[in-house]
Amino acid sequence: RIALTPDGQARQFVPDLPEVLRATKLLLPGESQELTFLAPDKPGNYPYLCTYPGHYLVMNGIMRVVEKLDDSMAHEVQHPSSGQVASHAGHDHAGHGGHEAAPAAPARRFVKMWELSELMPVVRNDRARRSAARGREMLIAAGCLRCHKHGDEGTTIGPDLTKIHEIYSPEEILTHIMDPSALIAEGYQSHVIETMEGDLLSGIIVEQNDRFVRLAANTVNPEQYEEVLRTEIAEMRPSTLSMMPTGMLVTLEREEILDLVAFLAGKAE
């Protein structure tokens, strides 16, 4: 909802809520900020997430405050990828069992916060010969293969992009990249569950029956899921937000974007 408020961007999309203990500014690619603070005195699980519109679905984690750090927890601190003591889905998109790991993209500088309205006419009227090689490079640079497959590369968290050109036009492909919530592919819509205790869970339903619902809440590790008993659910509703973040093209130049779209559209050489 903060995205709809007049001062949302001025507030760095950080909601004015007492539950927000600490926050960084809005960071662009290549920027960093260090937060130093005292953890709460009360043991418990303290969620953290990115409040940029739509990003919380894949950029989230839990800071766990405990009375005493035992040997097993100390191991998790050194190896946080398990998500038990510390995790951040937005910063770890490695491939998992059965998937070929996505190629790592080198760090790129911020170019521009592109608007769909300025790129759409260019894509619609583009008649230039586009480079398939550079289009594939941009597929990696934009981070597409962290969640999608194209050919033998990438992961299957999101829809396969290999034959996307058989379904969508170049204009529609650009729209999906820049406004992923405009049309969410069937089977990839997330749901939000509010429990009787007021907890909120979100993710893709991987299994459900009359007794429970299982949500894949971590897109980085789809085998890690939350199971909620039907008797514990106060409300369950489909989310109108895609699990794919916006802003995927902010490190790409205009010509690179055109090569990427042409590559996905099967029009690059």
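The values are calculated or read from the model by the stated rules, or taken from the named source; none is laboratory data. What you are looking at is a predicted structure, and each value in this text was computed from that prediction instead of being measured. Reconstructed Cβ throughout: ideal geometry from the backbone, glycine too, with neighbour counts over all protein chains shown. Only protein heavy atoms, including side chains, enter the accessible area calculation; ligands, DNA and RNA are left aside. Shrake-Rupley method; radii C 1.70, N 1.55, O 1.52, S 1.80 Å.
Summed over the range 233-250, the residues that are within 18 Å of Ala216 (Cβ to Cβ) and either surrounded by fewer than 19 Cβ atoms within 10 Å (Cβ to Cβ) or modelled with pLDDT of 85 or more (or both) give a count of 5.
All of Ala128, Ala185, Ala142 fail the test of being open to solvent by less than 40 Å² (accessible area, probe 1.4 Å) and in contact (Cβ under 8 Å) with a residue 40 or more places away in the chain, apart from Ala142. Restricting Glu255, Glu207 to those that are surrounded by fewer than 16 Cβ atoms within 10 Å (Cβ to Cβ) and in a helix (DSSP H, G or I) reduces the list to Glu255. Set side by side, the residues Val85, Val77, Val58 differ, and just one is under 24 Å from Glu31 (Cβ atoms), hydrophobic (A, V, I, L, M, F, W, C) and modelled with pLDDT under 95, which is Val58.
Going by what's in this entry, would Glu197 be described as at pLDDT below 90, of a type in the set (D, E, K, R) and more than 21 Å from the chain's Cα centre (by Cα)? Yes: the conditions hold for Glu197. The condition (being of a type in the set (Val, Ile, Thr), within 24 Å of Tyr46 (Cβ to Cβ) and more than 16 Å from the chain's Cα centre (by Cα)) is satisfied by just one residue among Ile233, Ile257: Ile233.
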